[in-house]
Amino acid sequence: MASSSKKSIDPNSYFANTYARSAPAFVKGKGVQLVDESGKQYLDFGSGVAVTALGHTHPALVKVLKEQGAKLLHVSNHYFAVPQIELAKLLIKHSFGDKVFLCNSGTEAIEACIKFARKRASAISANKYHVLSFVDGFHGRTYGALSATAQKKFHEGFGPMLEGFHYAPWNDVAAAKAILDAHEFAAIIIEPIQGESGINAATPEMIAFLRQYATEKQIALVFDEIQCGMARTGTLWAYEQYGVAPDLMALAKPLGGGLPLGAVVCKEEFVKTLAPGDHGTTFGGNPLACALGVEVLKLIAAKSFLASVRQNGAYLKKQLQGLAKSTGRIKAVLGTGLMVGVRMNDDMTPIVARCKAEGLLVLKAGNNTIRFLPPLTVTKKEIDKAVAVFAKALTA
Ligand code: PLP
């Protein structure tokens, strides 16, 4: 009796109303596949929003989980833990950076970038605290990151935002310059490819301008590679495709292989003004998350891995472009590597719902873009299966 009445309760009734969630509830996963409570299988082409880059329960990650889990789960940041040292070394080895700060999420990585940039700038000039970010960007939900997120819908009801934040239209060099010229800036924050708002890539001209301006005016150039970084676009970092490096880079999502882990990678000059106690977090650099991070980074940084992301990404795009031609319902297929967006001519909501009903999980982005972020380990065969379901959902 009790169990049958329990079954009928909508799980939303247990939670604060922050997500638009609906069934199913998942119980397990393997590779690109997820399985729900009823045993129904799904192709996970959202990867928990770009988190499970190696797919679900990757054997190498499960091994690390078991080994590290049996050794050490937490020490305070009064000491070191071996996996965090290994992770910091690897991040530095594989990037432009020479220093690392470890935290637990994307929004925390952005908060740290803002604080580091403002501390450095405060040593240059008392008024050098302004922060520029870009319309439709997404940087997180805590107040610094939220203030940098130039989307009205996320600010409404939560004001006021932090002082000194300014927003430039996307890919408009002249408009960005006019704003930058008007104040003393500590930081410019940009997603090289905007993920949440619909796979919008920054133009090379925009990035080149920002790099030059930031250097000239001693502004910290921050790349938010939380979604587009870590092999997602077919190079280890998205910035590589622009031929410039940022001063600070925020990472999270796939870094911990499914466990919460964020990082700031930066040039030494941008953290020289920091002193112990200026910033910190209890769980930042958690040994278990870092041990997974080490394994993730080792696997995805391999040349052959990156080449396969590029090949499979090009294949996915080609198949979707084929659907664009044959159905006439798609405005454009966007993106690089395995960060792909299908911009629709009409409402995407019923298509995403039909995909789910047919066992394919894809993500909405912005107003009218369906996002494909499959595990970076996805195969051509799995892409074919997903595209077949998508085609059916499009033409239903
Ligand atoms: N920055 C980008 C580009 C993101 O896509 C996200 C999350 O979607 C964030 C920041 C915030 O990350 P988190 O949800 O881990 O705080």
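Each row is one residue, and each column tells you yes or no for (1) at pLDDT below 95; (2) among the acidic types (Asp, Glu); (3) part of a loop (DSSP other than H, G, I, E, B); (4) assigned by TED's automatic domain parsing to the domain that holds residue 220.
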site: 240; (1), (2), (3), (4): no, yes, no, yes
site: 246; (1), (2), (3), (4): no, no, yes, yes
site: 250; (1), (2), (3), (4): no, no, no, yes
site: 255; (1), (2), (3), (4): no, no, no, yes
site: 265; (1), (2), (3), (4): no, no, no, yes
site: 273; (1), (2), (3), (4): no, no, yes, yes
site: 281; (1), (2), (3), (4): no, no, yes, yes
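Name the residues in segment 40-55 that are more than 16 Å from the ligand (Cβ to nearest atom) and either touching a Ser or Thr at 6+ places or on another chain (Cβ under 9 Å) or modelled with pLDDT under 95 (or both), would you? The answer is 44, 54, 55.
Inspection of segment 379-388 identifies at least one residue that is aliphatic (A, V, I, L, M), open to solvent by 10 Å² or more (accessible area, probe 1.4 Å) and modelled with pLDDT of 95 or more.
Restricting attention to strands (runs of 3 or more DSSP E) lying wholly within segment 117-204, give those where 2 or more residues are open to solvent by less than 10 Å² (accessible area, probe 1.4 Å), away from the ligand (no atom under 11 Å from the Cβ) and assigned by TED's automatic domain parsing to the domain that holds residue 268.
Result: 130-134, 185-190.
Of the residues in segment 115-127, none is under 19 Å from the mean Cα position of the chain (by Cα), at negative phi and of a type outside the set (A, V, I, L, M). One residue stands out in segment 332-356 among those that are assigned to a strand (DSSP E or B) and out of contact with any Phe, Trp or Tyr (no Cβ under 9 Å at 6 or more places or on another chain): the one that is surrounded by the most Cβ atoms within 10 Å (Cβ to Cβ), namely 336. Scanning segment 74-97 for residues being over 20 Å from residue 277 (Cα atoms) and of a type in the set (Ser, Thr, Tyr) gives a total of 1. So, in segment 205-226, of the ones that are surrounded by fewer than 16 Cβ atoms within 10 Å (Cβ to Cβ) and not in a loop (DSSP other than H, G, I, E, B), which residue ends up farthest from the ligand (Cβ to nearest atom)? Here the residue is 216. Residues of segment 304-331 that are under 17 Å from residue 368 (Cβ atoms) and open to solvent by less than 30 Å² (accessible area, probe 1.4 Å): 320, 323, 324, 330.
The values are calculated or read from the model by the stated rules, or taken from the named source; none is laboratory data. These numbers were taken from a predicted model, which means no experiment stands behind them. Reconstructed Cβ throughout: ideal geometry from the backbone, glycine too, with neighbour counts over all protein chains shown. The protein model used for the area step is the full one, side chains on, heavy atoms only, and it has no ligands, DNA or RNA in it. Shrake-Rupley method; radii C 1.70, N 1.55, O 1.52, S 1.80 Å.
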